[in-house]
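> Dumping the structure here so I can ask a few things about it.
Derivation of every value follows stated rules applied to the coordinates shown; laboratory data play no part. Owing to the predicted nature of the structure, the values given are computational and were not obtained by experimental measurement. Positions of Cβ are generated from backbone atoms using ideal geometry, with glycine treated the same way; all protein chains shown enter the neighbour counts.
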Amino acid sequence: MFKTHIRPLLLLFISLSTITLSFGQEGDAALGEKIFKNNCAACHSYGADVVVGPGLKGIDERKDYDWIKSWINNPAAVIASGDQYAVDLYEEYNKTQMTAFPGFGDAEIQGLLTYINQANAAAPVAEVAAGAATAGADDSQQGGFFNIIIVALLLLMGLVLVALIAILNLLSKLSKGEGAEIDTRGLGEQIGDSLKVVFQNSTVRSAIIVLFLLFGAKATFDGLYGIGVHQGYAPTQPIPFSHKLHAGDMEIDCSYCHTGVYKGKQAGIPSASICMNCHNSIKQGSPEIQKIYTALETDTPIEWVRVHNLPDLAYFNHSQHTNVADLDCENCHGEINTMEVVEQRHTLTMGWCIDCHRQTDVNSKGNEYYDKLVEAHDATSVGGMKVEDIGGLECARCHY
């Protein structure tokens, strides 16, 4: 959808930000959201924040609908016509020519504008939710600190208990009569002698050996089960890339960089040319961005380090899960839009996948392929049709 410069989309949506909806009807917000995320979010926020171009909040308070449609379909023609507003935009943004979108009709444009308005209307609610999430994180940190205090207090109580036992033992000796010999040793020495007596008992020694063997066996099996599991793996990349900034703050759709995520087996690694759609205009002087220029000039691919890596014996198809099953990326990758450095959040083991297949309902809505399967399932079972009900646990599904 874009040429080398995404900044042209600035002109599209700056002009969108100058528009009043004159068509008098609301568009399909879901369609508008898809168009915005796939084509516009790289340069614009739907709010007032400036990304590459200005925020789009209030776009229905400026120019009329006919103007915006003409601009989207053929911006060069609008500029050539001498329209002062279009010429000013063109000059303000370094005469960067916007890509035309002649395939966008009324449905697409109306949906886009409707989505922007609805997104801004919902923004205050999202801010409140974000504040609640932050408070929850603070509570979690406080809970962890509280646990540390509890453990420390338990240890202190244990030491006090040992001291009290020693004192009681001393008082017991004193109560035996006038001829009883008073133990004049220090408290620490008395506790040490008492512990020696305990450890000289064969039953106690046997119990300690058994516990040691049990803990050793558990540690060994935990280590064996952990082979090949890279949960928490967060390698250093050749160019620092913040998903929090790009996918979170800027709301760039995953499919913009990972082009195969909805239509292929592999999500795909973004090429340097995709990066340059934005960075030919943004932070050109940054040493890290210069690495992208160097990669293009020398025709050398950027050696990104793979984070999520399933073994070759396991078959996994992204489109089957993201497109057919309609799962969000977060289901497997965690909250990727909050990560400065991407890490593997889940174990991605066979057991983890099987648990998901046992718990997840098949997304059969609007898919005639599943109609008879759903009918047969409902006739014999109670509850939704899970992935395991249609062979999701068969070995050959993933190991072929």
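> How much length would be gained if the chain were fully extended between residue 221 and residue 375, taking 0.36 nm per residue of separation minus their Cα-Cα distance, in nm to one decimal?
51.0 nm
> Then there is this: With just the Cα atoms defining each centre, how far is region 242-281 from region 336-400? Give it in Å.
Between the Cα centre of region 242-281 and that of region 336-400, the gap is 26 Å.
> If r is the Cβ-Cβ distance from residue 335 to residue 73 and R0 is 41 Å, what FRET efficiency results, to the nearest 0.05? Don't skip to the end; give the middle numbers.
On the way: r = 38 Å, r/R0 = 0.92.
In this case the efficiency is close to 0.60.
> Would you pull out the residues with amide H under 5 Å of residue 386's amide H, same chain only if 5 or more places away, H placed 1.01 Å from N?
Excluding prolines and chain starts, which carry no amide H, the hits are 362.
> Taking θ = phi - 60°, what integer Hz values does the Karplus form 6.51 cos²θ - 1.76 cosθ + 1.60 yield along region 380-397, in sequence order, with x for Gly and Pro?
So the Karplus estimates, Gly and Pro as x, are 10, 9, 10, x, x, 7, 8, 4, 5, 6, 10, x, x, 10, 5, 4, 5, 5 Hz.
> A further question follows. Taking 41 Å as R0, compute the FRET efficiency from the Cβ-Cβ separation of residue 300 and residue 122 and round it to 0.05.
0.40
> Filter the cross-link list 265/291; 263/365; 34/372; 37/69 down to pairs whose alpha-carbon distance in this structure exceeds 26 Å.
Distance filter (> 26 Å) returns 265/291; 34/372.
> Next up: In whole Hz and in residue order, list the ³J(HN,Hα) couplings for region 279-296 that follow from phi through the Karplus curve 6.51 cos²θ - 1.76 cosθ + 1.60, θ = phi - 60°; x for Gly and Pro.
So the J values, rounded to whole Hz, are 7, 6, 10, 10, 6, 4, x, 5, x, 5, 5, 4, 5, 5, 4, 4, 4, 6.
> Using θ = phi - 60° and the Karplus form 6.51 cos²θ - 1.76 cosθ + 1.60, what ³J(HN,Hα) does each residue of region 262-269 get, whole Hz, x for Gly and Pro?
9, 9, x, 5, 9, 5, x, 9
> Relative contact order for region 221-338: what is it in percent, counting Cα pairs under 8 Å that are at least 6 residues apart? Walk me through the numbers before you get to the answer.
Details: 94 pairs, mean separation 41.5, N = 118.
It rounds to 35 percent for region 221-338.
> Suppose each label sits 7 Å from its Cα in the direction of the beta carbon; what would the residue 355-residue 207 distance come out to in nanometres?
3.4 nm
> For residue 63, which sequence-distant residues (separation of 5 or more, or a different chain) have an amide H within less than 5 Å of its own amide H, given hydrogens modelled in the peptide plane?
Close amide H contacts, sequence-distant or interchain: 18, 19, 20.
> For an R0 of 60 angstrom, estimate the FRET efficiency from the Cβ-Cβ distance between residue 107 and residue 152 and round to the nearest 0.05.
0.40
> Let me ask something else about it. Find out how many positive minus negative residues lie around residue 348, taking Lys and Arg as positive, Asp and Glu as negative, among other residues whose Cβ is under 15 Å from that of residue 348.
Residues close to residue 348 contribute a combined charge of -2.
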